[in-house]
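Remarks on the structure that follows.
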Amino acid sequence: MIEQYTIFSIDETRQQNKQAIRSALSLKEVQLDCVNGNDPDALEKAKEKWGITITSPFKRGEYGIWYSTLNALEYAATNGSLLTFEDDAILTLGFQAILEKYLIDLPRSVDFISLFVPENQKHDYNYDISYNNGGVPFWPGQVRGESKFEVGHPYLARVYQTYSCVAQIYTQKGAQRLIKRARVTGINQPIDCWLMAQAHGGYINGYAPKPQYCNLIDYNWDNETTIHKTEWILL
């Protein structure tokens, strides 16, 4: 069972939303180093700490969330499973009780669980999608029968979406494997797309709520995004 969580945040602009997350949980909050992509010194320090190859330019904020996630994985790899939220996550009423129900009889192979599935990704659950070695998807046609992402769990399926890390659970084993995998691939795409690609490529075991159970997290797409308004750089 999950006992600890952290919120990725670099300033106080979403203080009200962060307090709402805290008020909804009886878990231990862990304060971790969130890297501000707009701070050149913080980015250089994080780059030096991790020493992971960067393959192309990214927005400053994308580097920031990459390194913030790596710091969270580092913590989970040592201290056990960790629930992470972006600071604009909106928790459904009764979030913790629903989550506990969804986590009963988890597959032993689980490395991460992506709790938020964007509305425009839910239909992928019903398609016979194939992926290349890099986790890039193809859509041959609609499933006629049981979804290929079905694993026999009442609430969870294998990851079927291709982006979004608004709310994640990383197991201790999964965190260890993801850090090792990042050192192999390098930083080659935004962290959410990279994470899903590792699952689709068969390198990591990712799970998500089935479409009818995507009621844990909401997200306001009209919010100004901290990440995507930052400039492109090659770090």
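Some notes on this structure:
- Filter pass, D222 being charged (D, E, K, R) and either part of a helix (DSSP H, G or I) or crowded, with 19+ Cβ neighbours inside 10 Å (or both): no
- Qualifying residue in segment 125-143 (condition: closer than 26 Å to A20 by Cα and touching a residue at least 24 places away in the same chain (Cβ under 8 Å)): no
- Just one of (1) surrounded by fewer than 17 Cβ atoms within 10 Å (Cβ to Cβ); (2) free of Cβ contacts under 8 Å to residues at least 60 places away in the same chain; (3) in contact with a helix residue (DSSP H, G or I) (Cβ under 8 Å, 6 or more places away or on another chain) fails for D41. It is (3).
- When E86, E146, E48 are checked against the criterion of being surrounded by fewer than 20 Cβ atoms within 10 Å (Cβ to Cβ) and closer than 28 Å to L234 by Cβ, E48 stands alone in meeting it.
- Residue in segment 115-122 that is modelled with pLDDT of 90 or more and among the polar types (S, T, N, Q) present: yes
- Residues within segment 179-191 that are without any contact (Cβ under 8 Å) to a residue 60 or more places away in the chain and either in a loop (DSSP other than H, G, I, E, B) or acidic (D, E) (or both), tallied: 1
The values are calculated or read from the model by the stated rules, or taken from the named source; none is laboratory data. Only a predicted model underlies this, so the values are computations on that prediction, with no experimental measurement involved. Cβ: placed from backbone, ideal geometry, glycine included. Neighbour counts: every protein chain shown.
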